[in-house]
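To keep things clear, I will list the structure first and then write my remarks on it.
The values are calculated or read from the model by the stated rules, or taken from the named source; none is laboratory data. Every value quoted in this text rests on a predicted model; they were computed, and no experiment measured them. We place every Cβ from the backbone using ideal geometry, glycine too, and count neighbours over all the protein chains shown. We work out accessible area using only protein heavy atoms, side chains counted, and drop any ligands, DNA or RNA first. Shrake-Rupley method; radii C 1.70, N 1.55, O 1.52, S 1.80 Å.
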2 protein chains.
Amino acid sequence: MSVKHAVLGLVLERPGYGYELIQRLEERVGGWKPSATAVYPALQLLSRRELIRARETPGGHRGVVWYEATDAGEDHFRAWMDTPSEIAPLREELLLKLAFARVEDLPRLIDLTREQEQACLDRIVELSGPGDVELLAEERHPWPVLAGLLLRDAELDRLRTSIATLQRCRSTMKAALAHELHHTGGGR
Amino acid sequence: MSVKHAVLGLVLERPGYGYELIQRLEERVGGWKPSATAVYPALQLLSRRELIRARETPGGHRGVVWYEATDAGEDHFRAWMDTPSEIAPLREELLLKLAFARVEDLPRLIDLTREQEQACLDRIVELSGPGDVELLAEERHPWPVLAGLLLRDAELDRLRTSIATLQRCRSTMKAALAHELHHTGGGR
């Protein structure tokens, strides 16, 4: 989990406080679905390591703790940016269920693949705003805009792949179930 | 994270002890890359909630703590199996870097996309054993074998999609960089 690096990156861009950082994180990397509750521990950890520090609150924001990055924080962030990343492990919970399912769980899992497929489709519709594709194609927009579109397209690719995976899982479960019924149902 | 459910699922199938459970987990859901260090806290948590319990060690295994599932553990596991799962959030660290990159970080990130693409290709070769595809096609194998193949194919799909995503990111970064050089390099 790199919520820590994401929060540090946000604070480096400009100082902020807890709730505001949660909103900026959501805007920037919505597909990551960072939980709000992960941001506060990240802020504490970063403070303890002196990668960020609390600063004077600007007027009118009494009692709200603002954070800014330290020089050490900047160095740490740049070193992270520079380091090769691991490929993220596969973390679809439905696949974990598949791995541990007994044959009698398959009818329910077949239903769950349908529900999850629909959830993927809904998310695709949500992400596919009109006109965005042309923005990307034109490619004359500043880098941060392009980065946002790349993240969105990565998420779209991933969702489409998930749908194909879910469909394959469903048809294989149906085949396994049919085979099982054939065996236990008194077929020769 | 559902290491907890995975460990409970393994113990339900048959009792086991820490190190052995780590190995069984790896065999079963290798693509999840569960860290060994996550298994022990999961065992503690499951014990505390009385979903598993320590049992008498079989002869010759003095000092090794074995665990077996309780009835409550079985109920808990079946309820989990029955519940719809969330779509896993996008967790590629390289995409997070992209979201926070400045233009001057792009040359390094372009290199990192190449390294990660190679890592994906290596993993694809590792997973694609000869003959497995026919096994799946034949579909007359028992469910646990099919489940293993489905997980492997899900991982392969995901890796191929990642490669396409990385290639798109790379070409877009190159375009952004060329545009930037054009602007700062004195082009009209």
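Look through region B:24-51, keep the residues that are under 25 Å from residue B:146 (Cβ atoms) and at pLDDT 85 or above, and return whichever of them is most open to solvent (accessible area, probe 1.4 Å). Talk me through it step by step, then tell me what you get.
Going through region B:24-51, the residues under 25 Å from residue B:146 (Cβ atoms) turn out to be B:24-34.
From what is left, the residues that are at pLDDT 85 or above are B:24-25.
Working: B:24: 22, B:25: 4 Å².
The residue in question is B:24.
Output the residue which, of all residues in region A:140-161 that are more than 7 Å from chain B (Cβ to nearest Cβ) and not basic (Lys, Arg), is surrounded by the fewest Cβ atoms within 10 Å (Cβ to Cβ).
A:142
What's the total number of residues in region B:107-122 that are open to solvent by less than 80 Å² (accessible area, probe 1.4 Å) and at the interface with chain A (Cβ under 7 Å from one of its Cβ atoms)?
Applying the first criterion (open to solvent by less than 80 Å² (accessible area, probe 1.4 Å)) to region B:107-122 yields B:107-113, B:116-117, B:119-121.
Narrowing further to those that are at the interface with chain A (Cβ under 7 Å from one of its Cβ atoms): B:108, B:112, B:116, B:119-120.
So the count comes out to 5.
Restricting the first residue to region B:3-30 and requiring it to be closer than 18 Å to residue B:76 by Cβ and small (Gly, Ala, Ser), which pairs with a second residue that is assigned to a strand (DSSP E or B) and at pLDDT 85 or above meet a Cβ separation below 8 Å and a spacing of at least six or different chains?
B:16/B:66; B:16/B:67
Just one of (1) away from every other protein chain (no Cβ under 14 Å); (2) modelled with pLDDT of 90 or more trips up residue A:8, so point out which.
Of everything listed in (1) away from every other protein chain (no Cβ under 14 Å); (2) modelled with pLDDT of 90 or more, residue A:8 misses just condition (1).
Please name all residue pairs, on different chains or six or more residues apart, with Cβ atoms under 6 Å, provided the first residue is in region B:144-156 and is in contact (Cβ under 8 Å) with a residue 60 or more places away in the chain and over 9 Å from residue A:99 (Cβ atoms) and the second residue is in a helix (DSSP H, G or I) and open to solvent by 20 Å² or more (accessible area, probe 1.4 Å).
B:152/B:127
Among the residues of region B:5-23, which ones are part of a helix (DSSP H, G or I) and open to solvent by less than 40 Å² (accessible area, probe 1.4 Å)?
B:5, B:6, B:7, B:8, B:9, B:10, B:11, B:18, B:20, B:21, B:22, listed by residue number.
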